[in-house]
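Below is one structure; the comments refer to it alone.
The numbers here are math on the coordinates, done by the rules we state, and not lab data. All values reported here derive from a predicted model rather than from experimental measurement. A quick note on method: Cβ atoms are made from the backbone with ideal geometry, for glycine too, and the neighbour counts reach across all protein chains shown.
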């Protein structure tokens, strides 16, 4: 039996197509993936992402623990700042990618829903060596994402705080109709937007205030389908597709979020060794030069030799052509290189490009 988010009834009311995802029954689309995708790029889209996992880290050594648990420099965070990071195994493989929220005396970790049980067990095991208290609040927390260029005006009407001063990857503790929320300038779309964390008990009020009658013409409800195409256009990684226990942050090209030679974290030595011995493959973005849709698992060829595999792909609603993400063996991973995919029995040309596929508009 799949879990239901607190917004489930609203999805049904909007005639969403529901599918099982990460242990939940979630909307994959409402009026169509392309329409929902383009609405986020041009105006505003509302996502239910309550399936994500949230874990508090508190106690005397909350900073030391999080610093060892994650690969980025947690100590560099100011209070009210958010950080993209990942947890690694000792061999450098990725446990999960996540967000780190820095509060004055505690940390909030936001992890992927499909990995929650595994992540929780991993954290508990490491926490045995630290004076910390971990609290899994996932079942009590609801999360909405409002994404798109019009979202600042919409959200500003709901809170008294001046949102002009809320920068990308920062958050505030505020309220909507007197209900406490964590309002974060984050999202996985490449657009200006917000994520609103609140108690599941307050979900009806929060939904009704954000998706009020006056906003229904401004906001499009968005499902998992467009969430995927939006993040692919940014070359944002999806755990289980583009990153997992068999891939490293260096291979996935998320080393910008890795403090490789800073304070020790789990997996650091393995990644340092990988760096010194040269990385053998890289996660790249590519666009089709011929008509065809790349899909996960498709083989990639260079000079008639298989040199990689597609991890994510499909039709770009913004560009109207096939795009994808793939691991390509060095040295065939360079920008501008021509690669070939076998799609429906045909060998089709594609080109490796510098991501993102469309300009980011997060500021």
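I want to verify a result. In a Gaussian network model of the chain, Cα cutoff 10 Å, which of these has the top mean-square fluctuation: 13, 35, 347?
Of 13, 35, 347, the Gaussian network model singles out 13 as fluctuating most.
Using a cut-off of under 18 Å, list every residue of the stretch 273-306 whose amide N is near the label point 7 Å from the Cα of residue 342 along the Cα-to-beta-carbon line.
Under 18 Å, as judged by backbone N against the label point of residue 342, lie 292-306 of the stretch 273-306.
If you take the beta carbon distance between residue 21 and residue 361 as r and set R0 to 22 Å, what does 1/(1 + (r/R0)^6) give as a FRET efficiency, to the nearest 0.05?
The calculated FRET efficiency here is 0.25.
Given 20 Å bins starting at zero, what is the percent of C-alpha pairs of the chain in each, up to the one with the largest pair distance?
Binned Cα distances yield the sequence 29, 58, 13, 0.
At residue 216 and residue 135, where each label point lies 7 Å from the Cα along Cα→Cβ, what is the point-to-point distance in nanometres?
Using points 7 Å along Cα→Cβ, the separation is 3.8 nm.
Can you tell me the relative contact order of the chain? Whole percent, Cα pairs under 8 Å, sequence separation 6 or more.
18
If the label point is 7 Å along Cα→Cβ of residue 353, which residues in the stretch 39-81 have backbone nitrogen under 17 Å from it?
41
So what's the back-of-envelope 222 nm ellipticity for the chain, counting only DSSP H runs of four-plus at -39500 (n - 2.57) apiece and dividing by all residues, rounded to 500?
The per-residue figure over the chain is -5500 deg cm²/dmol.
Could you list log10 I(q)/I(0) for the stretch 9-75 at q = 0.17, 0.20, 0.23, 0.27 Å⁻¹, which the Debye formula gives when each Cα is one point scatterer?
Results for the stretch 9-75 at q = 0.17, 0.20, 0.23, 0.27 Å⁻¹ read -0.75, -0.83, -0.97, -1.23.
With a ≥ b ≥ c taken as the square roots of the eigenvalues of the C-alpha gyration tensor of the stretch 89-131, please select rounded if a/c is under 1.5 and otherwise prolate if a/b is larger than b/c or oblate if it is not?
oblate
Would you kindly compute the Cα radius of gyration of the stretch 200-358 and its largest Cα-Cα separation (Dmax), both in Å?
Answer for the stretch 200-358, Rg first and Dmax second: 19.2, 59 Å.
Working from the alpha-carbon coordinates of the stretch 1-156, get Rg over Rh, Rh being the Kirkwood radius.
1.02
Sort 88, 302 so the one with the fewest other Cβ atoms within 10 Å of its own Cβ comes first.
Ranked by crowding around the Cβ, least crowded first: 302, 88.
Once you sort the root eigenvalues of the Cα gyration tensor of the stretch 133-232 as a ≥ b ≥ c, which label holds: rounded (a/c under 1.5), prolate (a/b larger than b/c) or oblate (the other case)?
Note, shape of the stretch 133-232 comes out rounded.
Debye calculation, C-alpha points only, no solvent: report log10 I(q)/I(0) for the stretch 275-327 at q = 0.23, 0.25 Å⁻¹, in the same order as the q values.
Ignoring solvent entirely, the Cα scatterers give -0.86, -0.96.
How much FRET efficiency would the formula 1/(1 + (r/R0)^6) give for residue 78 and residue 301, where r is the Cβ-Cβ distance and R0 is 56 Å, rounded to 0.05?
With R0 = 56 Å, the Cβ-Cβ based efficiency is 0.75.
Label the stretch 301-363 by shape, choosing from rounded, prolate and oblate, from the square roots a ≥ b ≥ c of the eigenvalues of the Cα gyration tensor; if a/c is under 1.5 it is rounded, and otherwise prolate applies when a/b is larger than b/c, oblate when it is not.
oblate
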